[in-house]
Amino acid sequence: MSTMDFTKGKTNELPQSTDWEVLRQPIQVGKKTINNRIAYQAMEGCDGTALGAPDVLTFRRYKRFAAGGPGVIWLEATAVVPEGRANPRQLYICKETLDDFKRLCETIKETCMRENGHEPFVSVQLTHSGRHSKPHGTPEPIIAYRNPYFEQKVSVTDANIISDDELDRLGETLINGAILAEQAGFDAADIKACHGYLLCELLSAYSRPGKYGGSFENRTRLLRESVAGAVKACSSDFVISSRLNIYDGFPYPYGFGVAPDCGVTPDYTEAKQMVSDLANEGIGLLNFTMGNPYVNPHVNRPSKTGPYVTDEPAITGVTRMLTGIAEVTTAVKDKVPVICSGLSYLGEEAPNVAAGCISEEWFQVAGFGRESFAYPNFARDICKKGEIDKQQMCITCSKCTELMRSGGTTGCIIRDSKVYSPLYKQYVLKK
Ligand SMILES: Cc1cc2nc3c(=O)[nH]c(=O)nc-3n(C[C@H](O)[C@H](O)[C@H](O)COP(=O)(O)O)c2cc1C
């Protein structure tokens, strides 16, 4: 085990190991055994049908992911109500689209089995986009409370605040979404509370009155009760999971994971309590992340280039992400396996850091987002060949995010250029 220097001169805090054996180790989640320690993170392609069923490019993406042999595929943000879709092509799970999700799930499992000899563990991410809802292509925000950090670009009034009754109903709908996910054949349903979407925003709803705001118990209520309800409503073979923000990156009282009067310095006390409470409710798998991709993308997805500029060195963001995840993981140690986020920036060093962190029990499974778009065979190359191809790697150029923000269907513009370069020209360069 060694500690490498990514920052030319500064010692960094990330463990590394060139022995990748730990990445090939299986891990038990609920009643299922996951083949290896690589997860392909939720990566939305914005390419569903108008009704929210997976479409041609959705199937293409997941076939590529499945052929790439990860242990876990975290199926992208999938709305549970039409008004909570982040774009008009976001996936939407409901009775009408259930058969299409069944087909997608079967395709993923068959493809991975055929190409790699194992079935991946597939968790579908159930979401309400809240403040970032754009079901018809323009903002239709549904918010938990007024937050100035978000209201410069997209203006809202108090009328956009969702009521307690509507949140009660949303809890029921999320539980129903988990039931549908089990019927579709998935292994798990993720009650999503990350990246500033509605359940994440509630975690910092300090100023909200009523049963969903103010105290820690109230702010975490919808997540906790939805998880508890879904655990009860689904069979014991099915796992309820959650992708969670352990830190938002905004000062108190406008972000989760910070203490009063401490600026944006992380304070993981509440995150640790929250994940411990979720473990007590029977959550079977956790996936930790941070930040808000719309306002502070350097916290969520540090990158080498792109239109968003920050003074913070990208490695500082990666280090914050991984050390924060390591700290919160201690609260569920030996109880619930944890997937990490934010490794793609590390490029060819990422497998070494993933192996080092897993060996040191910082987390149990290494999650890769942008890398899966660029290099879908990444997991297979690590697990079967023991080497990676630098020419296929993600260069963290941010073009996939740019394309998505411009209203396009997204993927890797650099490594999958036949499909996505024309779309980048059409939507971003407007040629
Ligand atoms: C184009 C794009 C789509 C994404 N879609 C989702 C999503 O549907 N759900 C989610 O939780 N995160 C989503 N993310 C965030 C990633 O899962 C991941 O957290 C982020 O890219 C940082 O990890 P990385 O450094 O491995 O890329 C998306 C990111 C990008 C760039």
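Seen from residue 47, the other residues with C-beta closer than 14 Å to its C-beta sum to a net charge of +1, counting Lys and Arg as +1 and Asp and Glu as -1. Ranked by how many other Cβ atoms sit within 10 Å of their own Cβ, fewest first, the residues 37, 415 fall in the order 415, 37. By the count of neighbouring beta-carbon atoms within 10 Å, fewest first, 362, 20, 74 end up ordered 20, 362, 74. If one computes the Cα centroid of region 8-84 and of region 342-419, what distance in Å separates the two points? Their Cα centres are 10 Å away from one another. The distance linking region 280-296 with region 238-257 is 5 Å (Cα centroid to Cα centroid, whole angstrom). For region 1-123, the pair-distance distribution built from all alpha carbon pairs, in bins 5 Å wide starting at 0, is 2, 11, 17, 17, 14, 12, 10, 8, 6, 3, 1, 0 percent.
Each of 419, 428 was scored by other Cβ atoms within 10 Å of its Cβ. Arranged with the fewest first, they read 419, 428. Take each peptide in 311-317, 170-176, count the other Cβ atoms within 10 Å of every residue, and average; sorted highest first, the result is 170-176, 311-317. For the peptides 342-350, 222-230, the ranking by packing is 222-230, 342-350, with the highest mean count of neighbouring Cβ atoms within 10 Å listed first.
Distance between the 7 Å Cα→Cβ label points at residue 335 and residue 419: 4.0 nm. Bridge orientation summary for the chain: considering DSSP beta bridges with both residues in this region, about 15 percent are antiparallel. As a ratio to 2.2 N^0.38 Å, the alpha-carbon radius of gyration for the chain is 0.90. Where Rh is the Kirkwood radius over the Cα pairs of region 204-348, the temperature 37 °C and the viscosity 0.692 mPa s, what D in µm²/s does Stokes-Einstein return? For these conditions, the coefficient is 203 µm²/s. Charge tally for residue 384 (other residues, Cβ to Cβ under 12 Å; Lys, Arg +1; Asp, Glu -1): 0. Convex hull volume of the C-alpha atoms in region 104-229, normalised per residue: 134 Å³. Counting charges near residue 157 (Lys, Arg +1; Asp, Glu -1) among other residues having Cβ under 14 Å from its Cβ returns a value of -1. Computed over region 201-278, the percent of Cα pairs more than 19 Å apart is 38. Pairs over the 30 Å Cα-Cα cut-off, from the set 272/399; 385/425; 153/430; 102/304: 272/399; 385/425; 102/304.
FYI, it's all coordinate maths here, none of it is from the lab. Computed from a predicted structure; not experimentally measured. All Cβ positions, even for glycine, are placed from backbone atoms using ideal geometry, and neighbour counts span all protein chains on display.
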